[in-house]
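First the structure, in the form of structure tokens, and then the observations on it.
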Amino acid sequence: MLVLNLPAGSLRVAFSATAAADLAHQLQIFKHSWQHTPPRPELNFIYDETLYLELFCNPNIWPSPFAAQVLVTVRHPQIQVRTQMGFMQLLEDVALYPSQG
């Protein structure tokens with residue numbers, strides 16, 4: 001399970017190790033995009049296996065990765081959650097993925 005630590009609680013989502021590795025790689029590339037001048041490419045990660053997870057962030061509206069907010073959508077047949085979380089928190093949560101039960 002991937003645990004996303006949100007500002008008002010946490011969200012656990014079923015997530016594969018392969019998807020976690022892919023997401024971690026994309027997040028590192030995205031973090032380094034702030035070293036370039038705008039326009040920077042957006043983060044739009046979609047995972048659609050056991051559930052639907054979408055992570056979206058437009059780096060052109062945030063001054064740095066430390067201020068950036070990521071829109072999070074989790075959808076399953078009977079529930080949908082939309083919220084936002086800090087980009088740096090997302091980086092930390094994905095880095096902790098193997099140790100999260």
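Quick notes on this structure:
- Looking only at region 47-65, and only at residues there that are open to solvent by 90 Å² or more (accessible area, probe 1.4 Å) and not in a helix (DSSP H, G or I), the one that is modelled with the lowest pLDDT: Glu49
- Out of Leu43, Leu71, Leu2, one residue alone is under 21 Å from Ser99 (Cα atoms), surrounded by 12 or more Cβ atoms within 10 Å (Cβ to Cβ) and in contact with a strand residue (DSSP E or B) (Cβ under 9 Å, 6 or more places away or on another chain). It is Leu2.
- Count of region 18-71 residues which are among the charged types (D, E, K, R) and more than 15 Å from the chain's Cα centre (by Cα): 2
- Condition check for Leu90: open to solvent by less than 20 Å² (accessible area, probe 1.4 Å) and either closer than 21 Å to Ser16 by Cα or not hydrophobic (A, V, I, L, M, F, W, C) (or both): yes
- Of the residues making up region 23-46, those that are of a type in the set (S, T, N, Q) and assigned to a helix (DSSP H, G or I) are Gln26, Gln28, Ser33, Gln35.
- Residues that are loosely packed, with under 12 Cβ neighbours inside 10 Å and over 22 Å from Arg82 (Cβ atoms) were ranked within region 7-23; the one that is modelled with the highest pLDDT is Thr18.
The values are calculated or read from the model by the stated rules, or taken from the named source; none is laboratory data. Please read all numbers here as calculations on a predicted model, not as lab measurements. Please note: Cβ atoms are built from the backbone with ideal geometry, for glycine as well, and neighbour counts cover all protein chains shown. For accessibility, only protein heavy atoms count, side chains too; no ligands or nucleic acids. Shrake-Rupley method; radii C 1.70, N 1.55, O 1.52, S 1.80 Å.
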